[in-house]
């Protein structure tokens, strides 16, 4: 199977050919941990979870690195202002690493609820200060940076004369350079487009380390260059993140790595698009974000009800990762119904009995789903193929059609592969319980109800059904017993 992925750098779909035959190195920008994860964090996590899962399915050994930003990310993504984590620590009267640990734990909990697989390595920026200092020294030695007042800045103008700063984002940096004059001592920078590799800490700045230039801290962009090459080598296959990181963050990474190493580090750049509310980007800086905990509890004015982690995951997977997704409670309700239909059909499939022959057409489902995934990981097309197959499953379940043993085995295999292993979807009862105890308890109650019905104890039978229904369970009597779902 040939996998094609969209390379943001070339602006086209390209055949994926890893640098090493059976190994893939993938680096994804993780969160800055100064607040609870929101829907905007969920999209890149789920997008690159799909990439990780599918590459693994194709037989590659994937080293997946997803960083934790816990130092150097200043307010408004700039080179001035207060460190976001230090600011949170000051407001809450905590140590910065208390803030980091608290929100990292909560991020992990949210990712686990969304069934996002953990990365192979999850490095912290604060744990790699020496690597960032060494990387900065290489850039200085190559002549593409300068020291100013104890800080070190990348010289974009000089770099742009030999390379193309702006090639990833498509920005015309030469126009920006022409309209920005020399700053004549009004700033440490030579040009406003120059960016910090190392910043001298102000007296009140509490997160600082010793360096050859000053007591200070690394610039935000430096962490990914240093940690990506430390764990994946000077050249690796995939670098991913949200489209909002394309400029300046990823543009700066390309420049840093090229300046330090004399070559570009990343072969394929992948970016997921944004989640919006009424057409506006969702994010902390805009104050319009909804935390994942709020989705799960329903505690937000824009939410009509609580939504499960699997509904949120399904909502994101219903759109291609490069498409904008506009959030609304109505859209989530539609996703909830769609997911319920899909998982109910999957449950029916697992209980079907084979016949001597098939009267339904099920051939080709695996190939169609693989074709969609190989076409730049087109999860909405995969989902549509699975829904098409539900018609045959439900007809057999209702006794209107038949399916042979080989066809049933193949269909069960395909659904398991794409629903569970690749899309990472779980039944709501499995997702909410984490083990079989929950399911066994409900089945025990419903078996007691069946026994009561057989004994014509209608009062007990109705009481069990009515109380479970009031708790949000949907119960359906069948010729073989019962079915239930939340």
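The values are calculated or read from the model by the stated rules, or taken from the named source; none is laboratory data. Every value quoted in this text rests on a predicted model; they were computed, and no experiment measured them. As a convention, Cβ positions derive from the backbone with ideal geometry for all residues, glycine included, and neighbour counts pool all protein chains shown.
Identify, from the list 439, 426, 456, the residue that is surrounded by 14 or more Cβ atoms within 10 Å (Cβ to Cβ), modelled with pLDDT under 95 and outside the structural domain of residue 357 (by TED's automatic domain parsing).
439 is the lone residue from the list that is surrounded by 14 or more Cβ atoms within 10 Å (Cβ to Cβ), modelled with pLDDT under 95 and outside the structural domain of residue 357 (by TED's automatic domain parsing).
Which count do you get for residues in the range 33-71 that are more than 21 Å from residue 280 (Cα to Cα) and in a strand (DSSP E or B)?
Residues in the range 33-71 being more than 21 Å from residue 280 (Cα to Cα) and in a strand (DSSP E or B): 8 in total.
Read through the list (1) touching a residue at least 24 places away in the same chain (Cβ under 8 Å); (2) within 30 Å of residue 401 (Cβ to Cβ), then give the number of the only condition that residue 364 fails.
(1)
Check whether at least one residue in the range 81-100 is under 20 Å from the mean Cα position of the chain (by Cα) and outside the structural domain of residue 369 (by TED's automatic domain parsing), and report yes or no.
yes
State whether the residues of the range 179-199 include one that is out of contact with any helix residue (DSSP H, G or I) (no Cβ under 7 Å at 6 or more places or on another chain), at pLDDT below 90 and not in a loop (DSSP other than H, G, I, E, B).
Yes; the residues of the range 179-199 include at least one that is out of contact with any helix residue (DSSP H, G or I) (no Cβ under 7 Å at 6 or more places or on another chain), at pLDDT below 90 and not in a loop (DSSP other than H, G, I, E, B).
Quick one: would you say residue 335 is modelled with pLDDT of 95 or more and buried (at least 19 other Cβ atoms within 10 Å of the Cβ)?
Here the answer is yes, as residue 335 does meet what is asked.
Quick test of your reading of the structure: residue 107 fulfils all but one of (1) in contact (Cβ under 8 Å) with a residue 40 or more places away in the chain; (2) more than 24 Å from residue 232 (Cβ to Cβ); (3) in a helix (DSSP H, G or I). Name the failing condition by number.
Single failed check for residue 107: (2).
Could we say that residue 237 is part of a strand (DSSP E or B), in contact with a strand residue (DSSP E or B) (Cβ under 9 Å, 6 or more places away or on another chain), assigned by TED's automatic domain parsing to the domain that holds residue 193 and in contact (Cβ under 8 Å) with a residue 12 or more places away in the chain here?
yes
Which condition breaks for residue 143 when tested against (1) within 17 Å of the chain's Cα centre (by Cα); (2) assigned to a loop (DSSP other than H, G, I, E, B)?
Condition (1) is where residue 143 drops out.
Within the range 74-85, track down each residue that is touching a helix residue (DSSP H, G or I) at 6+ places or on another chain (Cβ under 6 Å) and under 17 Å from residue 223 (Cα atoms).
Residue satisfying the conditions is 85 alone.
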